Amino acid sequence: MDEGSHSVVEETRQRQLLARDITRAFINEDGSELVALKDFSLEINKGQIIALVGPSGCGKSTFLRLVAGLDEPQAGTLLYNGQPIAGPSPDRGFVFQQTNLYPWLTVANNVAFGLKARGLYHEQKHRVQEMIDLMGLSGFEKAWPHQISGGMASRVALAQTFIQDPGVILLDEPLSALDAFTRAIIQDEIVALWQQFEPIIILVSHDVEEAVYLADRVVVMTPRPGRQIADLAIDLPRPRERTAPDFIQIRREILQLLKSEER
Amino acid sequence: MSPSTASGIFARVSFIRPKEVAKLLAPLLALGLCLATDAALPSVYPSDYSEQYFPAFLRIVLLLYLACAALSCWFKAVRQRLLHFWGLLIAVFVLLTFLNLQTVKSGNFLLPYVPSPDQILGAIFGNLPTVLDNLGGSLSLLLQGITLGGVAGMVYGSCMGYSRFFNYWLSPFIKLIGPVPSTAWMALAMVLAPSSHAASVCLVALSTWFPLSVNLSGGIRGVNKTYIERAQTLGASHFFILRKVIYPAVLPNIFTGLFMGVCFSLTALVGAEMLGVQSGLGWYISYAEAWSEFDLIYSTILIFILVAFTLITILFKIQKQVMKWTKGAIQW
Ligand SMILES: Nc1ncnc2c1ncn2[C@@H]1O[C@H](COP(=O)(O)OP(=O)(O)O)[C@@H](O)[C@H]1O
Ligand SMILES: [Mg+2]
């Protein structure tokens, strides 16, 4: 541990998730180095929704994988509740962009997957049905994933993760494959789930409107290697109005930041 | 029967369209042709020969078909089957008629090379105890070998697919041993194994082990990583992931491996029986060949066809049952 580690631990008393000067580089097949994240820092308070927006390839998914414990940074500090993140944990849920559901499990068994994996299923069986009802999936318990719509698949994936009641939930463009109408509905469902379970949510989105609609803070990133260029607090009350002047103003600001970065 | 049920049945019967009725009746015409030519035309074979099995066989087929046709009026599934197979059934009956006419009715196809359908049936039903004995021997050898090879293939393929260490040490062995035809090992197996039966079981097992291991290990290495990472973030242990993620994901590979394994095993079986154990269907064929008993050869091949078809059909039925979630993966 280095000199500054003591103060870092102090800070995480208030800040549940802390990333400081994270660097993650990949070695390409031709041997060249590709720096996905460089000196990336982020602090997240308990129960906040953070949206990460930035150009494609700037390391957003890489950051989520680090927080999930599916990958390790080469440099920097990554603490959750004051503890270094070491490996995946059910306390840090991850909804991927696709292939979240197991095709060989029914909807109900997909939702129950985590409980079964942790040996909690027999005690908490009733929670599976509660979650299914909450997500409007009643009647589809026995359906196979290939039989349900994309919107429903997203709901099952969210249910599969939220039923674990994790402290952190990582959403990597979870709604990008859906039509605008379904997306808007599920965005409201995400807010409702967040209000019920109160996790930290880190949302990666390429849709600035979605980011402003959902997040308490929008973090704008530079192109690769990804760094933070802006951290905007969205102090709009929920439910938010997409056509409100404030909303549009913030949206425009973010889009301009992204545009200025392109050059 | 109350009037309502009677009219209900009637309504369902009348629902069959005329075109369907024609399709249901057409195989009967072909079968009738077969029966009629067989009954009407005299045999050209030596006078001590008389037909025994073929007419009875045709009558049984006729009765079965009539029973199915009757059932098809009420059961849609039966009707769909018959309507699917009508063309093939006609082809079979026409071929039987042709073979019967060219052999026993005209002598155009010469004995002993091409026996009549009656003689082929006779080779089965006239020697039923011997045939059943050999069939039983073959099936037992085959099932023992496939079971042994199946278990070995699952373990070997899992180790190879799951662990880099095992893959390093196990894959060269399978790459060198696997592609060698099982019959090439025969001489060695006969010497090394405690009995010729054990040697044959091993050769059949080898033929199942090879394709199963290769398919399974390739499948395990190819499992979508997201499935595994998602399970890890949901709190699953390695063992849980193996059972609930990896094995379900590779079931298609397992069944492909088993399918190839059964096919290779049949080849190995015949080789082993001809050269090794001196019993079973493979041995029966080579025995028949030695005595130029062509009707025996034909009838044994017929039994082989039935055995192979049944085994593969059972395998696909199991696959369909086990992999309920697939829309219609492999058709058989
Ligand atoms: N496992 C990996 N191996 C090599 N390069 C990778 C790997 N994962 C990500 N990258 C590269 O890192 C960069 C950032 O990727 P990613 O985090 O997925 O970007 P995004 O912000 O679009 O989610 C990309 O250029 C990507 O090609
Ligand atoms: Mg991404």
**Study point:** About the Cα centre, charge dipole magnitude for chain B (Lys/Arg +1, Asp/Glu -1 at Cβ), debye
**Key:** 2100 debye
Review point. What average number of partner chain Cβ atoms lie no more than 10 Å from the Cβ of the residues making up B:223-232?
Key: 6
**Study point:** Mean separation of Cα contacts under 8 Å, 6 or more apart, over the residue count of segment A:99-165: relative contact order %
**Key:** 50 percent
Check your understanding: From a point 7 Å beyond the Cα of B:V114 in the direction of its Cβ, which residues of segment B:281-313 have a backbone N at a distance under 11 Å?
Key -> none
Check your understanding: Remind me, relative contact order of segment A:103-237 in percent, using alpha carbon pairs under 8 angstrom and six or more residues apart?
Key -> 20 percent
Revision key, fill the gap. Sorted largest first, the Cα spans of segment A:162-263 on the principal axes come out in Å as 43, 32, 27
Point to revise | Nearest-20 debye value, the protein assembly as shown charge dipole, Cβ charges on Lys, Arg, Asp, Glu | key: 1140 debye
Review point. How far apart, in nm, are the 7 Å Cα→Cβ label points at A:K125 and B:L63?
Key: 5.2 nm
Practice item. Measure up A:K116/B:K225; B:K175/B:K317; A:K60/A:K125 against 29 Å on the Cα-Cα distance and list the ones that go over. Key: B:K175/B:K317; A:K60/A:K125
Exercise for review: Give me the percent of the accessible area of chain B that comes from carbon and sulfur atoms, probe 1.4 Å, all protein chains in place.
Suggested key: 72 percent
Point to revise | Helix A:245-262 vs. chain A, principal-axis angle (Cα, 0 to 90°, nearest 10) | key: 60 degrees
Practice item. Could you state the angle between the C-alpha long axis of helix B:164-177 and the longest principal axis of the C-alpha atoms of chain B, as a value from 0 to 90 degrees rounded to the nearest 10? Key: 40 degrees
Study note, to complete from the structure: Projecting the Cα atoms of B:V250, B:I228, B:S265 onto the charge dipole of chain B, where Lys and Arg contribute +1 and Asp and Glu -1 at Cβ, the residue farthest towards the positive end is B:I228
Study note, to complete from the structure: The FRET efficiency for B:A187 and B:A91, from their Cβ-Cβ distance with R0 = 41 Å and rounded to 0.05, is 0.40
Study note, to complete from the structure: The Rg/Rh figure for chain A, Cα atoms and Kirkwood Rh, to two decimals is 0.97
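Using only atoms on other chains, find how many Cβ atoms lie within 10 Å of each Cβ of peptide A:105-114 and report the average. Don't skip to the end; give the middle numbers.
Numbers: counts 4, 2, 0, 0, 1, 0, 0, 0, 8, 6.
Per residue, the average neighbour count from other chains is 2.
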Practice item. Give me the distance in nm between label points sitting 7 Å out from Cα along the Cα-to-Cβ direction at A:Q147 and B:V151, one decimal. Key: 3.7 nm
Exercise for review: With runs of 4+ DSSP H residues as the only contributors, calculate the mean residue ellipticity of the protein assembly as shown at 222 nm using -39,500 (n - 2.57) per run, divided by the residue total and rounded to the nearest 500.
Suggested key: -19500 deg cm²/dmol
Check your understanding: Once the Cα atoms of helix B:294-322 and of chain B are each reduced to a long axis, what angle between those two axes, in degrees from 0 to 90 to the nearest 10, is obtained?
Key -> 50 degrees
Revision key, fill the gap. For segment B:28-116, listing trypsin sites (Lys or Arg not before Pro) in a DSSP loop whose Cβ sees at most 11 other Cβ atoms within 10 Å gives none
Check your understanding: What residue among A:P88, A:L66, A:I44 has its Cα farthest toward the positive end of the dipole of chain A, where the charges are +1 on Lys, Arg and -1 on Asp, Glu, each on the Cβ?
Key -> A:P88
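When Cβ neighbours within 10 Å are restricted to other protein chains, what is their mean count per residue of peptide A:195-202?
Average neighbour count from other chains, rounded to a whole number: 0.
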Review point. In whole Å, what is the distance between the alpha-carbon centres of segment B:34-65 and segment B:264-287?
Key: 32 Å
Revision key, fill the gap. Counting only residues 5 or more apart in sequence or on a different chain, those whose built amide H sits under 5 Å from that of A:I229 are A:V220, A:M221, A:T222
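Where both residues lie in chain A, what percent of DSSP beta bridges are antiparallel, nearest 5? Don't skip to the answer; put the middle values down first.
Details: 20 of 38 bridges.
Around 55 percent of the beta bridges assigned by DSSP in chain A are antiparallel ones.
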Study note, to complete from the structure: Expressed in nanometres to one decimal, the distance between label points 7 Å along Cα→Cβ at B:T130 and A:Q97 is 7.0 nm
Exercise for review: Between B:Q52 and B:K320, take the C-beta separation as r, use R0 = 30 Å, and let me know the FRET efficiency to the nearest 0.05.
Suggested key: 0.15
Practice item. Please get the size of the charge dipole for segment A:99-165, origin at its Cα centre, with Cβ charges of +1 on Lys and Arg and -1 on Asp and Glu, quoted in debye to the nearest 20. Key: 140 debye
Point to revise | For chain B, convex hull volume per residue from C-alpha positions, Å³ | key: 209 Å³
Exercise for review: Have a look at A:S154, A:G226, A:G119 and report the one farthest towards the positive end of the charge dipole of segment A:119-251, computed about the Cα centre with Cβ charges (Lys/Arg +1, Asp/Glu -1).
Suggested key: A:G226
Check your understanding: For chains B and A, what's the summed buried accessible area, probe 1.4 Å, to the nearest 100 square angstrom?
Key -> 2100 Å²
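The values are calculated or read from the model by the stated rules, or taken from the named source; none is laboratory data. On a predicted model such as this, the values are computed, not experimentally measured, just so you know. Glycine also receives a Cβ, built like all others from the backbone with ideal geometry; neighbour counts cover every protein chain displayed. For accessibility, only protein heavy atoms count, side chains too; no ligands or nucleic acids. Shrake-Rupley method; radii C 1.70, N 1.55, O 1.52, S 1.80 Å.
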